[in-house]
Amino acid sequence: MTSDLFSVRGLWRALTPADRIVSLALLLGSIALGVAARPSGEPTAAVVTVGGDVVATLPLDRDGRVEVQGRLSPVTIEVSGHAVRVTESACPHRICVRMGARRHSGEIIACVPNALVVRLTGGAADASVPDAVTG
Amino acid sequence: MTTRTIARVALLVAVATTLAIAESLIPKPLPWLRLGLANAVALLALVRLGARAALAVTAVRVLLAGLLLGTLGGPTFALAVAGGAAALVAMVLAARAVPPLSWLGVSVIGSAAHVLGQLAAIGALFGAGRSVLTLAPWLLATAVPLGVVTGAIVVAVDRRLEAW
């Protein structure tokens, strides 16, 4: 195999049939996952966990903010207009802050360095209800 | 392992650790996006030296990067272990696939496994459960082309390492 690997065409030629099938299957799988896990419904609360333990539950019908202690730093979580976001965290990449606001049931915001997850619960796509059954 | 193999594994560990740290310092357009050059070095170890060498490179790199970045033992480290282990196991198995995958295909599988391993860890360790699946589509969809790119880098480097 001595094809040119620095162009899209060259890369495509370098793929074996099995490579292409696997790549296509993964892309289709990601779309299927996207459809299956598509956030929907009106959530009622944002549940905040650190290392799997629930440390706060924020009702979404009331604006407000809470500061919880993550594994690395304090994290400020804000509810505003039925949406939740992480507004402050001292973690290195601040991915949690840059993820922005989430407003659909089943959606999550994760802050890995703090072992913190904000999960929107309630509504049609509540993660505790298998939606294969409920449709 | 012969002394020669140990020296080569050590060299790859140094390269992988350097790349892991460099990648963690580079600002990215999308916060969760990562090319995965450290994993590419594990693939290079698999290509040139076999599964045991790839395991050694991955394990020592994850430990060293954790130590140097200050994440050792914390949640970020747990995710690095989960992603690295998932990618390694998937690539070793994919390399034995029939019909054969090229190293590009093996890289794609490693890239996807890395993402899925990390998501599984977030779901299992941080109480997110199956809600992690809402993060999966974008991560998986970008993992595939990034896997092709890192695989191409590995193949290109492999060709230039004839003297090894």
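The values are calculated or read from the model by the stated rules, or taken from the named source; none is laboratory data. These numbers were taken from a predicted model, which means no experiment stands behind them. FYI the Cβ positions are ideal-geometry reconstructions off the backbone, even for glycines, and counts take in every protein chain you see.
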Those residues of region B:120-154 which are more than 8 Å from chain A (Cβ to nearest Cβ) and of a type in the set (S, T, N, Q) amount to B:Thr142, B:Thr150
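Out of the residues in region A:85-109 meeting the condition of being part of a helix (DSSP H, G or I) and surrounded by fewer than 19 Cβ atoms within 10 Å (Cβ to Cβ), tell me which one is modelled with the lowest pLDDT.
A:Arg98
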Return the residues of region B:91-102 that are within 9 Å of another protein chain (Cβ to nearest Cβ) and of a type outside the set (A, V, I, L, M); say none if nothing qualifies.
B:Pro99, B:Pro100, B:Ser102
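Each row is one residue, and each column tells you yes or no for (1) among the hydrophobic types (A, V, I, L, M, F, W, C); (2) under 27 Å from B:Thr76 (Cα atoms); (3) out of contact with any strand residue (DSSP E or B) (no Cβ under 8 Å at 6 or more places or on another chain).
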| residue | (1), (2), (3) |
| --- | --- |
| A:Arg38 | no, yes, yes |
| A:Ala46 | yes, yes, no |
| A:Thr49 | no, yes, no |
| A:Gly52 | no, yes, yes |
| A:Val55 | yes, yes, no |
| A:Arg65 | no, yes, no |
| A:Glu78 | no, yes, no |
Would you please list the contacts, defined by Cβ atoms under 6 Å and residues six or more apart or on different chains, that run from a residue in region A:34-59 that is within 12 Å of chain B (Cβ to nearest Cβ) and over 20 Å from A:Leu116 (Cβ atoms) to a residue that is crowded, with 18+ Cβ neighbours inside 10 Å and not β-branched (Val, Ile, Thr)?
A:Gly34/B:Pro137; A:Ala37/B:Leu133; A:Ser40/A:Ala125
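Quick check on region A:1-15: of everything there that is at pLDDT 85 or above and surrounded by fewer than 16 Cβ atoms within 10 Å (Cβ to Cβ), which residue is farthest from the other protein chains (Cβ to nearest Cβ)?
Residues of region A:1-15 that are at pLDDT 85 or above, as a first pass: A:7-15.
Next, from what is left, pick out any that are surrounded by fewer than 16 Cβ atoms within 10 Å (Cβ to Cβ): A:7-10, A:12-13.
On the way: A:Ser7: 10, A:Val8: 10, A:Arg9: 12, A:Gly10: 8, A:Trp12: 9, A:Arg13: 11 Å.
Residue satisfying both the conditions and the ranking: A:Arg9.
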Listing of strands (runs of 3 or more DSSP E) fully contained in region A:16-80 that carry 3 or more residues being over 18 Å from B:Gly129 (Cβ atoms) and assigned by TED's automatic domain parsing to the domain that holds A:Gly100:
A:64-69, A:74-80
Does region A:75-83 include one or more residues that are surrounded by fewer than 16 Cβ atoms within 10 Å (Cβ to Cβ), under 21 Å from B:Ala94 (Cα atoms) and either over 17 Å from the mean Cα position of the chain (by Cα) or within 11 Å of chain B (Cβ to nearest Cβ) (or both)?
no
Please specify each residue of region B:90-148 satisfying the condition of being of a type in the set (Phe, Trp, Tyr), modelled with pLDDT under 95 and not in a loop (DSSP other than H, G, I, E, B).
B:Trp138
Could you tell me whether A:Val112 is more than 11 Å from the chain's Cα centre (by Cα), over 17 Å from A:Val66 (Cα atoms) and crowded, with 24+ Cβ neighbours inside 10 Å?
yes
Can you name every residue in region B:58-106 that is of a type in the set (D, E, K, R) and either buried (at least 23 other Cβ atoms within 10 Å of the Cβ) or under 18 Å from A:Ile95 (Cβ atoms) (or both)?
B:Arg61
Which of the residues spanning region B:21-55 are assigned to a helix (DSSP H, G or I), modelled with pLDDT under 95 and hydrophobic (A, V, I, L, M, F, W, C)?
B:Ile21, B:Ala22, B:Leu25, B:Leu37, B:Ala38
